1. Can you name the strands (runs of 3 or more DSSP E) wholly within segment 136-240 that have at least 1 residues being at pLDDT 90 or above and not assigned by TED's automatic domain parsing to the domain that holds residue 264?
2. Of the numbered conditions (1) surrounded by 15 or more Cβ atoms within 10 Å (Cβ to Cβ); (2) out of contact with any helix residue (DSSP H, G or I) (no Cβ under 9 Å at 6 or more places or on another chain); (3) at pLDDT below 90, residue 46 satisfies every one except a single condition; which is it?
3. Quick one: residue 133 ticks every box in (1) modelled with pLDDT of 90 or more; (2) part of a helix (DSSP H, G or I); (3) in contact with a helix residue (DSSP H, G or I) (Cβ under 9 Å, 6 or more places away or on another chain) except a single one, so which number is it?
4. Taking the condition of being surrounded by 14 or more Cβ atoms within 10 Å (Cβ to Cβ), over 16 Å from residue 222 (Cβ atoms) and over 19 Å from the mean Cα position of the chain (by Cα), how many residues in segment 72-104 meet it?
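The values are calculated or read from the model by the stated rules, or taken from the named source; none is laboratory data. Just so it is clear, the model here is predicted, and its values are computed rather than measured. FYI the Cβ positions are ideal-geometry reconstructions off the backbone, even for glycines, and counts take in every protein chain you see.
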């Protein structure tokens, strides 16, 4: 996804919701809006009418056919569980919280980027060092807990007077781990945040996708209590939180095990807009 496209306002505004539950529902609504903007999603929308129910949880959304048959759609916001991705996700949560606090206390839409210093990148001396960094880039562990890191970052931002559209750059040390905060008053009319933590890119992580489907397969019985059939929409991570590259042609050619009527992968990173892969599936044995 192009982070400078207009649609990203909806993504970042969803992240600004005050509670985890509200954020999750706002993100699911965002993903649904992107899904129905694709050819596959438009076909889905033409056959089914969304049943508005803010309290709906299992599955996330209910639709109805013209004959009033209930159709469910469950959405999974997939974040790779590598150590680099978990580290990036913690920093993303911290960045989001800081943007929320600055908006609340100063009424400023903050633009915040967190860079984490990777010593392996800057201490390459031998061929072995180069190869180690090339195949295993990124920082896997944080030296402080989430509360401590957020406290130090927030103090730096709030102690910066007169935030303007000119970027401020501040280095922060947390237990000998170095971070660079780049921030300013956003020239857009919404807060935005980014985390730079390079990590190995998985090409077509088939097994990781199957693992996500398996988790949802275990809950399928609960989903169809509220509908006659249910489909699954998997949303891979954005560049800021994930490290996978999914080729629709490869993924669409693999047969996954899924209890859902249809299983889709919504790809948000294309510069030409979202794309959807409809997976080939078979029932679990």
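1. 168-174, 177-185, 192-196
2. Evaluating residue 46 over (1) surrounded by 15 or more Cβ atoms within 10 Å (Cβ to Cβ); (2) out of contact with any helix residue (DSSP H, G or I) (no Cβ under 9 Å at 6 or more places or on another chain); (3) at pLDDT below 90 leaves (1) as the failure.
3. For residue 133, the exception is condition (1).
4. Selection size over segment 72-104: 3.
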